[in-house]
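The values are calculated or read from the model by the stated rules, or taken from the named source; none is laboratory data. Remember, it's a predicted structure, so these values are computed and weren't measured experimentally. Every residue, glycine as well, gets a Cβ built from its backbone with ideal geometry; the counts of neighbours run over all protein chains shown.
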DNA sequence: TATACATTGTTGACAGTGGCTACTTATGCG
DNA sequence: CGCATAAGTAGCCACTGTCAACAATGTATA
C-alpha cells in the first residue's frame, strides 16, 4: 500500500485514498472499530494527514456508511431482474443480493447501521438508507399493480420485506444461522414464507 | 451507587454487583462500549477488583450476553398467551414482546449479537440464543399440529419469524423505522404479512 | 517570471483512556 | 493463629483522537 519510498510530498488524491483504505480494512476485519491512525499508516501518509480532508473520525465513518448504502442500492438495482418470471423469482433474487451484500461486507454493513447514532449527520445518512428502501417499494408497487401482490398498505409490506432481509443478514453475519437449527437454506425458506405472505391468494 | 463511605473492605457479592452495575450502564447508554474501570467506579470498588471475579473484560461481556438471552427467553415465555384466540393473536403478542425487549434494552440487545465474535465462548452463548429460538419453534410446531399453520419445513418458518423480528428490532433500535416511509405501525403491518405467510390458506 | 498565498502533508506532542499486572492490605474461616 | 480469598494502590504500556507548528508544493497574481 505505502510501498513507494519516492512518493511525492503531496499525495494528490488522499481523500479518496483514505476512503479506499478504510474500505479495505472494513473488508478484512469483522468490526468497524479501526483507528484513524491505522488508516493513515496503511495509506502511507502521516497520522495527521487525514485531518486535512475529514474534520474528525465520525465524518469519515459517516461517509463510509453513505458509500455503503449507495453500493447496496446499486447492487440491488443491478440484481433486479428485468422480466421476472414470478413474484417469487423477483423477491428471491433481490433478497439474495441484499443478504449477499451484507455477508460479503459484514463490517461495512454493521457500520451502516451503527454510524448514524451521531444524530446531526443522521438525516443525510437516512436519505441514503431510505433510497435503498425505495427499491423495495418500487417492486411491491408494481407487484400490486399487476395483481400479483395482495392489496395491503404498501409500507407495511415493505417493512416486512426490509425487516426480514435485514434480520437474516444480521443473523448470517453473526453466525447464528446454524444448519442444525435453521435448516440448510434458511434464507430461501424464510423468503418462501415471505412470498406466501405477500402474494395474492389467487395465485 | 458507591455512596456509603463506611462500606466494608470486602464487598461480599461483588461478582453480582459488577454484573448488575454493567446492566445498569447498558440500560443508560446506547452502545455497549463501557469500560471495566467505569463499572468498577460505579460499583464503588477499585478498578482492579473486578479481575478477582472475571478473567478479563470479554468474560464479563459474554456473561452479560448470556443473561440477556435468558431474560429474552423469559420475556417471551411470559408473554406467550395461554389460550391464544388466533394464530395472529399468538404471533403478534410474542413478536411485540420480542421487539419490546430489544427497544427497551438496545445496548444489551446489541451486545448479545456482537459478543460471540470471540468464538471460543461462542458455543455456550449460542446455546442460550438457540434456546430463544426454541420458544419460536414450539409455537410453530403446535400451530402446524393444530392445522393453523401451513405444512412447511418448520425450521424455515422459524427462520422467517426470527429473521423478521430480529430485523425489525434492529431497525427500531437504529431509528430507521420512520413513519413517513414505513407507516405508523410498521411492526404490526409486517407481522400481518408474516401471519398471512404462515397461516393455512383455508383459514 | 517572481512572489505571496492557500493547500496539503509531516512532526511532535498532549491529554486521556483503558486493559491488565504486581504487590500490598484487610478480612473471614478453619 | 495462619492461610486463602478478596479488595486496594500503584503503575505499566500501548494506544488514540486531536491539535499546533512547520515544511513542501501548487497556484494565482503583480
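Quick notes
- Residue check, residue B:71 in contact with a helix residue (DSSP H, G or I) (Cβ under 9 Å, 6 or more places away or on another chain) and more than 9 Å from DNA strand C (Cβ to nearest atom): yes
For every residue, the table says whether it meets (1) farther than 19 Å from residue B:158 by Cα; (2) within 7 Å of chain B (Cβ to nearest Cβ); (3) over 23 Å from the mean Cα position of the chain (by Cα).
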residue	(1), (2), (3)
A:140	yes, no, no
A:144	yes, no, yes
A:156	yes, yes, no
A:159	no, yes, no
A:164	no, yes, no
A:172	no, no, no
A:187	no, no, no
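- Residues considered: B:82, B:30. Of these, the only one that is within 16 Å of DNA strand C (Cβ to nearest atom) and either modelled with pLDDT under 95 or within 14 Å of chain A (Cβ to nearest Cβ) (or both) is B:30.
- Search result, residues across the stretch B:189-203 that are facing chain A (nearest Cβ under 7 Å), more than 21 Å from residue B:130 (Cβ to Cβ) and part of a helix (DSSP H, G or I): B:189, B:190, B:192, B:193, B:196, B:197
- Failed item in (1) more than 28 Å from residue B:198 (Cα to Cα); (2) surrounded by fewer than 21 Cβ atoms within 10 Å (Cβ to Cβ), with residue B:65 passing the rest: (2)
- Condition met for residue A:79 (without any contact (Cβ under 8 Å) to a residue 60 or more places away in the chain and either farther than 24 Å from residue B:172 by Cα or in the same structural domain as residue A:147 (by TED's automatic domain parsing) (or both)): yes
- Unique residue being more than 14 Å from chain B (Cβ to nearest Cβ) and away from DNA strand C (no atom under 16 Å from the Cβ) when the list is A:100, A:95: A:100
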